[in-house]
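To start, the structure itself, in structure tokens.
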Amino acid sequence: VYPRYGLCGHRWAGLSLVDYALLSELAYFDPKHQDLGAALDLLFPPERGAMGGGLWSAGGGGHTAHGAPLFELRLPPQEFLRHGDANFLEFYSASLNLSVVSVKGTDIGRISDFVEDIKLYTEPVVFMILSSVFPTVRMWSDNTASYMVDWLHETQVLFGLLKKKEYYHQVTEYVRSLKGRQVVLTGHSLGGGLARIAGALEGAPSVTFSPPGLGQNFRKFRPQTGPGGLTRGDLYHGSVAVVPENDPVARVDTQVGNIQHIMCKSESLALTNACHMLEGTLCELLAHCGDHRGRFTRCEYEYNIGSLVPFFWGFIDDYIFWLLPGVGLLFVFGALAIIPEI
């Protein structure tokens, strides 16, 4: 009998941590490719005793001649998928009367994702840096820090440095449009952070993986229309997060809600972000929670940062004309800072 984590036996709308980790992984697939529908039917076949096996159909998880898979893929309407907004998918289950909204994490080939990472979590990172220079900053409560973050954010909006419509508003609007069924949000990394924000704003539960914290940042997140915003109570009710040890992303801001800490088997590669990978988290959950649906007997995961080198070279080649001016400016500012006046 393997040692189990505390939340292994818990279910959220009938789904386990392993189920939500798989749905978070599927958000990284290209929604226009039929492989997503095939993967969905493979990972979530009909329950035993239901109507046959889950073969893929053109709808991606739709009804087949052999039965109905557990989940049906529903792509959000085009107005929710504007360029520069968060990417997400809906997985609908008629048998569970459930919609799982899975928010995609940071795409390393999508510049807007990096921009939003910076915009959403600039202030907590600044506080982390300040606490290294001025240790007394660590004595501030999260509530005190949250007022400072909100003031900094509103100042930037006032001077036009930030747009008023936020990256997460498309997700909250879509969740609000889902009526007559349970809604749970999930996601990994940036997607987990956005799922938490949208869930807290809409009063929907969230099950997320390696998300940044919300304890200091929450006051600046508000609905697109109408008054109000998040309270500290909103952060703790209905929020569940799986946080691997040595995950640098999960150390940004303060974690809130129900937190399940897990081990990282790639600890020696932690400095290369290995502990942040969802695949490693999924293998760890399968090893210590098992699979109550009987789909997997074991899981193997190998982190090889060298496999990313061809992608980064291609990325640099595609954006060389955008990157060169920025690199040049860094050298200029660096020289001005280092070389003394003559």
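Evaluate the distance, in nm, between pseudo-label points positioned 7 Å from the Cα of W151 and of I129 along their respective Cα→Cβ axes.
2.0
Exposure proxy check: W12, W151, W140 ranked by fewest other beta carbons within 10 Å?
W151, W140, W12
What FRET efficiency comes out for the pair L96/R4, r = Cβ-Cβ distance, R0 = 22 Å, nearest 0.05? Walk me through the intermediate numbers first.
On the way: r = 24 Å, r/R0 = 1.09.
The value I calculate is 0.40.
Considering amide H positions built from the backbone, and no H for Pro or chain starts, which residues 5 or more places from F221, or on another chain, come under 5 Å of its amide H?
L230
Is there a pair in K32/K119; K220/K265; K32/K265; K104/K265 whose C-alpha atoms are over 26 Å apart, and which pairs would that be? Provide the component values of the computation, followed by the final result.
Working: K32/K119 29 Å; K220/K265 36 Å; K32/K265 34 Å; K104/K265 24 Å.
Check vs 26 Å cut-off fails for K32/K119; K220/K265; K32/K265.
How do the peptides 296-303, 141-148, 248-255, 196-203 rank, highest first, by the average count of neighbouring beta carbon atoms within 10 Å per residue? All intermediate terms of the calculation are to be shown ahead of the outcome.
Values: 296-303: 11.8, 141-148: 16.0, 248-255: 20.0, 196-203: 25.0.
Highest-to-lowest ranking by the protection proxy: 196-203, 248-255, 141-148, 296-303.
Listing Y2, Y20 from the residue with the fewest other Cβ atoms within 10 Å to the one with the most, what is the order? Can you show the working numbers first?
Details: Y2 10, Y20 27.
With the sparsest Cβ surroundings first, the list reads Y2, Y20.
On a full-extension model of 0.36 nm per residue, what is the gain between R232 and K119, subtracting their alpha-carbon distance, rounded to one decimal in nm? Could the numbers behind the result be given before it?
Working: separation 113, 0.36 × 113 = 40.68 nm, distance 2.12 nm.
Result: 38.6 nm gained on full extension.
Please give the peptides 69-79, 185-195 ranked by average Cβ packing (other Cβ atoms within 10 Å per residue), highest first, as a rough proxy for protection. Don't skip to the answer; put the middle values down first.
Numbers: 69-79: 18.2, 185-195: 30.5.
Order by mean packing, descending: 185-195, 69-79.
Would you mind calculating the gained length between F159 and W140 on full extension (0.36 nm times residue separation, minus the Cα-Cα distance), in nm to one decimal?
On the way: separation 19, 0.36 × 19 = 6.84 nm, distance 2.72 nm.
In short, 4.1 nm is gained.
None of the figures in this text is laboratory data; all of them are computed from the coordinates on show. The structure displayed is predicted, hence computed values, not measured ones. Note: ideal-geometry Cβ built from the backbone for every residue, glycine included; neighbour counts use all protein chains shown.
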